[in-house]
1. Rg and Dmax in Å for the chain, alpha carbons only: what are they?
2. Would you mind calculating the relative contact order of the chain from Cα pairs under 8 angstrom and at least 6 residues apart, reporting the percent as a whole number?
3. Given 163, 70, 128, which one lies farthest toward the positive end of the charge dipole of the chain, if we put +1 on the Cβ of every Lys and Arg and -1 on the Cβ of every Asp and Glu?
4. Could you calculate the contour length gain from residue 303 to residue 58, that is, 0.36 nm times the residue separation minus the distance between their Cα atoms, to one decimal place in nm?
5. In the chain, which longest range has no GluC sites (Glu not before Pro) that are both DSSP loop (not H, G, I, E or B) and surrounded by at most 12 other Cβ atoms within 10 Å?
6. What value, in deg cm²/dmol to 500, does the helix sum -39500 (n - 2.57) over DSSP H runs of n ≥ 4 give at 222 nm once divided by the residues of the chain?
7. With a Cα-only, solvent-free Debye model of the range 187-244, what are the log10 I(q)/I(0) values at q = 0.30 Å⁻¹?
8. Below 8 Å between Cα atoms, with a sequence gap of 6+, how large is the relative contact order for the range 159-261 in percent?
Amino acid sequence: KILLTGALGQIGSELTMKLRDIYGDTNVIATDIRDNGSDVVKSGPFEILDVTDAKGMFHIAKKYDVDTVVHLAALLSATAEAKPLLAWNLNMGGLVNALEVARELNTQFFTPSSIGAFGPMTPKDLTPQDTIQRPTTMYGVNKVAGELLCDYYYHKFGVDTRGLRFPGLISYVAPPGGGTTDYAVEIYYEALKNGKYTSYIDKNTYMDMMYMPDALNAIVDLMEADPAALSHRNSFNVTAMSFEPEQIAAEIRKHIPNFRIDYNVDPVRQTIADSWPNSIDCTSAKEEWGFKAEYDLEKMTVDMLDKLKVKLGV
Ligand code: VAH
């Protein structure tokens, strides 16, 4: 039985449904701060949970006798930069509460890290698995501290913690909230609705990205991997592609020939993006648990446009 926090978020809204397909609807307990009446709420057990409520989280985990905790509830990079103290309290408070539940109930544990865990001093091209991590954003501070805390719970208490440093995730179900890479999701919606997109990230800004189906498979593959094969735990570099706005625009133009992109750079999110790698190296993930991504920019664009045409009714 799996407990998810942040089950209504960008990852959670799809991961919950995938895990219910694999392990059975009643074995996946979705929680979030509110009830939005979606499939996640309707297709299996759902509970309202504020992850800063340690007792509330323990009560739910105990009630359902969970053996796995998947902790997704967090503020993303741009929101965290706008509200750093709230981000610290929610991102770190929620994480330590979830780790304590995992320790007390002896569950397996997953939480995502991010390419945001790297900073300006980190090698920018093919960023290694093990390298300097001095991020300059509150989100990055949260992610590095989170990685170290998860490794601590593994070494100190034997909690089976595992994590992935995700790139920007692109999906058509629930849009990301408050991220820096969100432009790469918004651009598909705008291309279909208005035939143009004004990007808040400047041209030539390369960032790692991944299509959500690959991200969900990576989580399941990592959690089912043989622990004896893991020499890393928190957290593995994973990515599928690295591109800059002009490249995704060109790919969209293969399907919407008149699509235009222009720029109105947001200095806050541009500064965040400039502090992150251009591309990261995933050798450890490939070697230790067989990570592979199926979608590149071309294949993702075909699927995103097909699915959004249906969703938007255009
Ligand atoms: C963000 N989508 O933009 C998240 C993610 C690597 C990007 O951490 O904050």
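1. Every Cα atom of the chain included, Rg and Dmax give 18.7, 57 Å.
2. Relative contact order for the chain comes out at 18 percent.
3. 70
4. Using 0.36 nm per residue and subtracting the Cα-Cα distance, I get 84.3 nm.
5. 1-223
6. -13000 deg cm²/dmol
7. Ignoring solvent entirely, the Cα scatterers give -1.21.
8. In percent, rounded to a whole number, it is 41.
Each value in this text was obtained by applying a stated rule to the coordinates, not by laboratory testing. Fair warning: this is a prediction, and the values are worked out from it, not measured in the lab. FYI the Cβ positions are ideal-geometry reconstructions off the backbone, even for glycines, and counts take in every protein chain you see.
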